[in-house]
Amino acid sequence: MDLNSFLNKYAKHPKYKSPVGSTLNAKSWLTEAPLRMFLNNLDSDVAEDPDSLVVYGGTGQAARDKKSVEKIIEVLLTLEEDESLLVQSGKPVGKVRTHADAPRVLIANSNLVPAWANWDHFEKLKREGLMMYGQMTAGSWIYIGTQGILQGTYETFISCANKHFDGSLKGKLLVSGGLGGMGGAQPLAATMAGATFLGADIDPERIEKRLKTRYIDKMTDSYVEARDWVLKAKKRSMNVSVGLVSDIGDLLEKLLEDDIIPEILTDQTSAHDPVFGYVPNGISLSDAKCLRKKDQPKYKKLSLTSMARHVSLMLEMKSRGSITFDYGNNLREFAKMGGEQDAFDFKGFVPEYIRPLFCEGKGPFRWAALSGDPEDIYETDKALIEAFPENKDMIKWLEQAKEKIQFQGLPCRICWLGMGEREKAGLIFNDLVRSGKVSAPIVVGRDHLDCGSVASPNRETEGMKDGSDAVSDWPLLNLMSNTAGGATWVSFHHGGGVGMGYSQHAGMVVLVDGTDRAERCIRRVLYNDPAMGVFRHNDAGYDIAKKHSKKFNLDI
Ligand code: NAD
């Protein structure tokens, strides 16, 4: 197929779709894989706003502009096995000479020299067409729809249940804000964990989208109706989820007035971006959209003040008994700027619930079936259940996921696996492809939110034991290890999750195509990548990481 026919079939802006099946469009699976995953990120079943090339996380894009999309496709269709494509903030800028085991695509998104690393400078460059915001998996082409965040959110809620509620959220009310690309996973994760859920989003369309995909059960714009639904459900220990069209601050204020104190309180509004994400209290959505265009400094000021009020109300809930945690959107930082001096009086979800897993090299391992055939994923589910009979939580998740999750775009799966487990899983998948039990190659990757791939002092590396929260040598070492090890594409981003100036992080995806070359790369990459988490946490003095370092012979 020539380039124009390919573009017409798979990339007619804004209608994007990955090719499926086992026939190649590119010269090999090494380039077909990034091509399919790039288009999959932009598929309207996957991306939040394909017209703006936005995949998730407010403004996280897969490519800088339409022209870049077409050029990326053109290059990937013709790239040789001894060449690698360079992508700078979503724009393809050149090819370099490499070799068959090297990554086929090298991606750097949204990186700024530290003293310039803020939203204002970034927005200026973005307006001039020089940069884009890559979030974590948007610009690195391994976003898998809401399943990724669903599993991570489920993992967090279950850890919270284990820590505070004897492992069960039955009869417990969980309240949160933001039901967008990521936050929209909260209602389903909460009900899967047994809780009653009440979430506020200012944008009715976002809640409607969750209703359509059955991530949320009910929707209303009446506070009284929402309140009565959840109180009734909670009383009967029913795991029901309700979305209320409202500003989150207004919801919290009303709950406090009615003396309704949820057992768990968090937030996933797009607070990381005070201008293009968070919507200030007291103005309508359409007025907010106008003000964003007309007067950004005023918008930002209103946003920061609203976030300060929002966090003050969360602190009030906490003082009245709610288990309260920040959910990785940098809300506390901006609330502090807006005047809430005690904003950091509740902790982030990583030190509260996730760090012990990071110490074992555990994190959000994910894979996608390039065939487009759901049966391929079910085959991998079955193989993992057989290979890890001792991992009861993983088995429970895989069984529920098969039943409850509708695939978006290419079928995919996620589960948290650690050091040793990831390499084992990758090799099993390679055998499945080699033997033909799976009909086409698979790609294995992960979120940048992982054990050894990110420096983010208000999120993944908050409150490190040795105070090394802001040290970003680790994600750079992670990028270099995965490049040297032979991942199929690698990425280094700035600002994901928490916004400009607050994080640096690395991503990797490795092709599993049943070949000896894939086996070599899997043995290196899926060993090195989780090992980085063990190195990082061992170095910071965590006992669990020390134990794992010994167990896997990682001490030097
Ligand atoms: P999104 O932009 O798709 O959705 C944010 C939602 O918040 C929107 O629907 C918006 O209408 C709503 N909102 C904004 N202001 C509001 C207000 N005052 N009251 C009520 N609703 C309001 O973003 P997303 O992809 O859902 O991500 C949400 C946040 O979570 C981001 O800051 C992102 O960086 C962060 N994040 C966290 C994790 C994690 O693991 N914890 C992972 C990815 C992203």
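The values are calculated or read from the model by the stated rules, or taken from the named source; none is laboratory data. What you are looking at is a predicted structure, and each value in this text was computed from that prediction instead of being measured. Cβ placement follows ideal geometry from the backbone for every residue including glycine, while neighbour counts extend to all protein chains displayed.
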For segment 528-553, how many residues meet the condition of being more than 24 Å from Glu462 (Cβ to Cβ) and crowded, with 19+ Cβ neighbours inside 10 Å?
1
Which one is farthest from the ligand (Cβ to nearest atom) among residues in segment 297-329 that are of a type in the set (Gly, Ala, Ser), over 22 Å from Ala189 (Cβ atoms) and crowded, with 23+ Cβ neighbours inside 10 Å?
Ser303
Gln186 in the same structural domain as Asp217 (by TED's automatic domain parsing), farther than 19 Å from Val242 by Cα and buried (at least 24 other Cβ atoms within 10 Å of the Cβ):
no
Could you check segment 30-81 and list, in sequence order, the residues that are over 30 Å from Ala271 (Cβ atoms) and β-branched (Val, Ile, Thr)?
Thr31, Ile72, Ile73, Val75, Thr78
Positions within segment 488-533 being farther than 30 Å from Trp119 by Cβ and either within 16 Å of the ligand (Cβ to nearest atom) or of a type in the set (A, V, I, L, M) (or both), in sequence order:
Val510, Leu511, Val512, Ala518, Ile522, Val525, Leu526, Ala531
The conditions are (1) more than 10 Å from the ligand (Cβ to nearest atom); (2) touching an Asp or Glu at 6+ places or on another chain (Cβ under 8 Å); (3) not assigned by TED's automatic domain parsing to the domain that holds Ser18, and Trp119 fails exactly one of them. Which is it?
(3)
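For every residue, the table says whether it meets (1) under 24 Å from the mean Cα position of the chain (by Cα); (2) in the same structural domain as Ser439 (by TED's automatic domain parsing); (3) not in a helix (DSSP H, G or I); (4) not small (Gly, Ala, Ser).
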| position | (1), (2), (3), (4) |
| --- | --- |
| Gly514 | no, yes, yes, no |
| Val525 | yes, yes, no, yes |
| Asn528 | yes, yes, no, yes |
| Ala531 | yes, yes, no, no |
| His537 | yes, yes, no, yes |
| Ile556 | no, no, yes, yes |
With the first residue restricted to segment 41-68 and required to be in the same structural domain as His494 (by TED's automatic domain parsing), and the second required to be away from the ligand (no atom under 15 Å from the Cβ) and in a helix (DSSP H, G or I), Cβ contacts under 8 Å at 6 or more apart or on different chains are none
With Glu386, Glu399, Glu403 as the choices, which residue is modelled with pLDDT of 95 or more, surrounded by fewer than 23 Cβ atoms within 10 Å (Cβ to Cβ) and either assigned by TED's automatic domain parsing to the domain that holds Gly499 or part of a helix (DSSP H, G or I) (or both)?
Glu386
Number of positions in segment 317-353 that are in contact with a helix residue (DSSP H, G or I) (Cβ under 7 Å, 6 or more places away or on another chain), within 15 Å of Thr153 (Cα to Cα) and not in a strand (DSSP E or B)
5
So if I check each of Gly134, Gly167, Gly180, which one is in contact with a Ser or Thr (Cβ under 8 Å, 6 or more places away or on another chain), in a loop (DSSP other than H, G, I, E, B), more than 19 Å from Val444 (Cα to Cα) and more than 10 Å from the ligand (Cβ to nearest atom)?
Gly134
Quick check on my filter: what residues within segment 196-207 are under 21 Å from Gln406 (Cα atoms) and either in contact with a strand residue (DSSP E or B) (Cβ under 7 Å, 6 or more places away or on another chain) or among the hydroxyl-bearing types (Ser, Thr, Tyr) (or both)?
Phe197, Ile207
For segment 201-230, which positions are surrounded by fewer than 15 Cβ atoms within 10 Å (Cβ to Cβ) and either more than 14 Å from the ligand (Cβ to nearest atom) or assigned to a loop (DSSP other than H, G, I, E, B) (or both)?
Lys212, Arg214, Asp221, Ser222, Val224, Glu225, Asp228
Members of segment 325-376 found to be among the hydroxyl-bearing types (Ser, Thr, Tyr) and at pLDDT 95 or above, listed by number
Tyr327, Ser371
Scan segment 67-101 residue by residue and report those that are in a loop (DSSP other than H, G, I, E, B) and surrounded by 21 or more Cβ atoms within 10 Å (Cβ to Cβ).
Leu79, Ser89, Gly90
So Ala383, is it over 23 Å from Ile158 (Cα atoms), of a type in the set (Gly, Ala, Ser) and over 22 Å from the mean Cα position of the chain (by Cα)
yes
Can you name every residue in segment 233-273 that is outside any strand (DSSP E or B), of a type in the set (Ser, Thr, Tyr) and closer than 22 Å to Ile158 by Cβ?
Ser237, Thr266
